[in-house]
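The values are calculated or read from the model by the stated rules, or taken from the named source; none is laboratory data. Please read all numbers here as calculations on a predicted model, not as lab measurements. Glycine gets a Cβ as well: all are built from the backbone with ideal geometry, and neighbour counts include every protein chain shown. Accessible surface is based on the protein model in full, side chains and every heavy atom, while ligands, DNA and RNA are left aside. Shrake-Rupley method; radii C 1.70, N 1.55, O 1.52, S 1.80 Å.
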Amino acid sequence: MRQIIIIGSGPAGYTAAIYAARANLKPLLIASSVEAGGELMNTTEVENFPGFPEGIQGPELMMMMQAQAERFGTDVLLDDVVELDLSGEIKTVKVGSGTTYEALAVIFATGSAYRKLGLEDEDRLSGHGVSWCATCDGFFFRQKAVAVVGGGDSAMEEATFLTRFANKVYVIHRNDTLRASKIMQERAFANDKIEFIWNAEVVGISGDLTVTGVTIRDTVTGDERALELQGLFVAIGTDPRVHLVHGQLDLTPEGTIAVAGRTSKTKLTGVFAAGDVIDSTYRQAVTAAGSGTVAALDAEHYLASLPEDLLAKTGDLELTTTS
C-alpha cells in the first residue's frame, strides 16, 4: 500500500509529485497510457512559465517536470485509471491492466479534455480533416486552406502555428471580439495568412472521406453559407475530466471538483484535487503547478495526522492486485 497516489500528469500532477517525493512520501503517479504530460504536450512555445525567458516547448517542459519528479523518487506509471473507490480510510485505484493500487491519500489532477462542437460528422471525420491539435496535425495541411474555431488564446495559438503550413487560415468566431490576450490577438491580426470570420458558427462539416468544407451560420442574421477548406481545428475550450469521480466527489456549477476554500481538500477525507480539474477561471500551467503544490502540502499534513500503525502498513510498495 502507498501513502499517496497522484492521478494525472500535467503541471499540477507532476508538481504535486515533486513535493510529495521530497517529503519522502514515495508517491505513485498514474500518468495515462496515451495522454501523459497533459495538454502542454500539444503546445508549441510556452512563453509565460517562469524561469524560461526565451520560452520552452510544451513537451520539453513536461518531460523536465517528469524527470524532476522521478529524481526525488516518484514512480510514474503509464496506464489509465478505470475505476476508483475513494470512500473509507484506504483508497483503491484500478488501472486498465487490471492492477489495483491502494493508498491512504489520493490527489486527483486529471486536467481537462478538448471540447467538441457537437456536430454529426465531427467524430466521423476526426483524423480526416477534423482535429483538436494543430501541433499534432498541422504538417498534414501544407499548402491547404484550414479553419480554426474559437476566440481564446488557444485558438490564436493554433491559427498562428498553422500558418507555417497552410496557405490560408480562417478564424471562425461566434462574436465580434476575441477573448484572447492582447499579445496573442496582435500576433494573429498581423499575420497575412489569417482571415477572421466574425459573428459566425460552424453548423455542418462536409466531406465523405476527408473534410472538404464547412457550413457556417451568421449569428446575427441567421444566414448560412459554405466555406471550402481541407482542415477544421476546434479550439473552443475544454471540460474538466471528472467522469471517474461522479457520485463520489461534489462538483461546482462549472463542472469542476469542489474544494474547500483555497485548499485542495474535497468532501472526502484523504482525497485532494488540483489543477484545471478544480479551476474553470485561470487555467494556466503556472496556476496548475501552484495548485499541485497546495495539494501535496495538504496531503502531507493529512498523512502526518494519521496513526502510526496505519502509516506502517505503507511500507510495502509492491502492487496490490485483485481479481
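Things worth noting here:
- Contacts under 9 angstrom Cβ, first residue in segment 285-307 being under 22 Å from Pro59 (Cβ atoms), partner among the hydrophobic types (A, V, I, L, M, F, W, C) and open to solvent by 30 Å² or more (accessible area, probe 1.4 Å), 6 or more apart: Ala285/Phe49; Val286/Phe49; Ala289/Phe49; Ser291/Ile278
- If you go through segment 54-91 and keep only what is open to solvent by 70 Å² or more (accessible area, probe 1.4 Å) and assigned to a helix (DSSP H, G or I), you end up with Glu60, Met63, Met64, Gln68, Glu70, Arg71.
- Some residue of segment 120-130 being touching a strand residue (DSSP E or B) at 6+ places or on another chain (Cβ under 8 Å), outside any loop (DSSP other than H, G, I, E, B) and either aromatic (Phe, Trp, Tyr) or closer than 21 Å to Ala31 by Cα (or both): no
- Pairs linking a residue in segment 191-217 that is of a type in the set (S, T, N, Q) and in a strand (DSSP E or B) to a residue that is open to solvent by less than 70 Å² (accessible area, probe 1.4 Å) and at pLDDT 95 or above, with Cβ atoms under 6 Å and 6 or more positions apart or on different chains, are Ser206/Gly213; Thr215/Val203; Thr215/Gly204.
- Some residue of segment 174-191 being touching a strand residue (DSSP E or B) at 6+ places or on another chain (Cβ under 9 Å) and more than 23 Å from Glu45 (Cα to Cα): yes
- Some residue of segment 161-176 being of a type outside the set (Gly, Ala, Ser), part of a helix (DSSP H, G or I), touching a residue at least 12 places away in the same chain (Cβ under 8 Å) and farther than 23 Å from Asp208 by Cβ: yes
- Residue identified as among the polar types (S, T, N, Q) and over 21 Å from Ala31 (Cα atoms) among Thr269, Thr256: Thr269
- Residue within segment 288-306 that is more than 18 Å from Thr252 (Cβ to Cβ), at pLDDT below 95 and touching a helix residue (DSSP H, G or I) at 6+ places or on another chain (Cβ under 9 Å) present: no
- Considering (1) closer than 30 Å to Trp132 by Cα; (2) under 21 Å from the mean Cα position of the chain (by Cα), the lone condition that Tyr19 does not fulfil carries the number (1).
- Just one of (1) in contact with a helix residue (DSSP H, G or I) (Cβ under 8 Å, 6 or more places away or on another chain); (2) without any contact (Cβ under 8 Å) to a residue 60 or more places away in the chain; (3) open to solvent by less than 30 Å² (accessible area, probe 1.4 Å) fails for Phe233. It is (2).
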